[in-house]
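These notes concern the structure reproduced below.
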Amino acid sequence: MLRLENISKAFPQRGIVLDNLNLETGIGDSIAITGPSGSGKTTLMNIIGALDRPDSGDIKFKGNSILKLSPNELSGYRNRNIGFVFQDHLLLNHLTIKENVLLPLLAEKISEEEYSNFEKYCDTLMERVGISGLKDKFPFQVSGGEAQRATIVRALIRKPSLLLADEPTGSLDSKNAENLGRLLVELNREFKIALIIATHSEDMALRMALHLKLDEGKLKV
């Protein structure tokens, strides 16, 4: 489904971060990427998610290079195919939890009927992850674990093919981190969505089907 081919990326002050790196993921795969701070995990996740461009190499989604897309086409590609979960929930405090979840729908024009269907899907997802009673609350009224569950629902609302989670448990206590890790694995299996997680947590990494380590710009088993 998604293939990274000979990806390289360097920064003036850091030098080479990714060095002819290759990665392939298919439908329903689950991959953990670990490595020390500064190893390039976030840079790699941003490139996978089309938030950043490599210096060289190619990224192919279902056989087509996404690097050839225009900025508008790339934005549409991200919105339709990729869900993001970051260490910080990035929810907007002036919107309710449900309004935050539905926010990605505003990036593209959809009909009232489509929006209504997404609202129903939102309710289903919120019930599935255990936060159905929080839809009218604001982010500052819920716990960190609940906020992260809301970001997972937001990431899944467009039914993406790929879910990217960059240190999703980094700001949570051990109990909430364990619960969130279990939830991500369950959703990966239920929805057959490819899941790539960048994490410092060995426990989280062991939950994935494949554990790769980013070392000297390359991914190693």
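Top to bottom by accessible area (1.4 Å), largest first, where do E24, E114, E167, E108 land?
E24, E114, E108, E167
Where does each of K68, K220 land when they are ordered by accessible area, with a 1.4 Å probe and the largest first?
Greatest to least solvent exposure: K68, K220.
Give me the orientation-averaged projected area of the Cα convex hull of the chain, in nm², one decimal.
Computed as one quarter of the Cα hull surface, the answer is 12.2 nm².
In whole percent, what relative contact order does the chain give with Cα contacts below 8 Å and a gap of six or more residues?
For the chain, the relative contact order is 33 percent.
Using a Gaussian network for the chain with springs between C-alpha atoms less than 10 Å apart, which of these wobbles most: A205, A150, A107?
The residue with the greatest mean-square fluctuation here is A107.
Principal axes first, then extents: for the Cα atoms of region 31-113, list largest minus smallest coordinate on each axis, whole Å, largest first.
Taking the Cα atoms of region 31-113, the three principal extents are 41, 31, 21 Å.
Please report, in debye to the nearest 20, how large the charge dipole of region 1-125 is about its Cα centre when each Lys and Arg carries +1 at its beta carbon and each Asp and Glu carries -1 there.
360
Can you pull the accessible area of R128 for me, 1.4 Å probe, Å² to the nearest 10?
Its accessible surface works out to 80 Å², give or take rounding.
Roughly what would the spin-label model give for S143 and D52, points 7 Å off Cα along C-beta, in nm?
The modelled label-to-label distance comes out at 3.3 nm.
With n ≥ 4 as the cut-off for DSSP H runs, can you work out [θ] at 222 nm for the chain, using -39500 (n - 2.57) per run divided by the number of residues, rounded to the nearest 500?
Result for the chain, helices only: -11000 deg cm²/dmol.
If you fit an axis through the alpha-carbon atoms of helix 144-156 and take the longest principal axis of the Cα set of the chain, what angle between them do you get, 0 to 90°, nearest 10?
It works out to around 80 degrees.
Mean separation of Cα pairs under 8 Å and 6+ residues apart, divided by the residue count of region 99-158: what relative contact order is that in percent?
Normalised by residue count, the contact order of region 99-158 is 55 percent.
Once fully extended, how much extra length lies between I110 and E24, figured as 0.36 nm per residue of separation less the alpha-carbon to alpha-carbon distance?
Values: separation 86, 0.36 × 86 = 30.96 nm, distance 3.18 nm.
This chain segment gains 27.8 nm when fully extended.
I'd like to check one number: the per residue accessible area of the chain, probe 1.4 Å, reported in Å² as a whole number.
For the chain, the solvent-accessible area averages 50 Å² per residue.
Using a probe of 1.4 angstrom, how much of the accessible area of the chain is carbon and sulfur, in percent?
Accessible surface attributable to carbon and sulfur in the chain totals 48 percent.
Beyond a 18 Å Cα-Cα separation, which of these cross-linked pairs lie in this structure: K62/K192; K9/K41; K98/K159; K120/K159; K60/K220; K62/K159?
Listed pairs above 18 Å: K60/K220.
The values are calculated or read from the model by the stated rules, or taken from the named source; none is laboratory data. Everything numeric in this text was worked out from a predicted model, so none of it was measured. Reconstructed Cβ throughout: ideal geometry from the backbone, glycine too, with neighbour counts over all protein chains shown. To get the accessible areas, we keep the full protein, side chains included, count just its heavy atoms, and leave off ligands, DNA and RNA. Shrake-Rupley method; radii C 1.70, N 1.55, O 1.52, S 1.80 Å.
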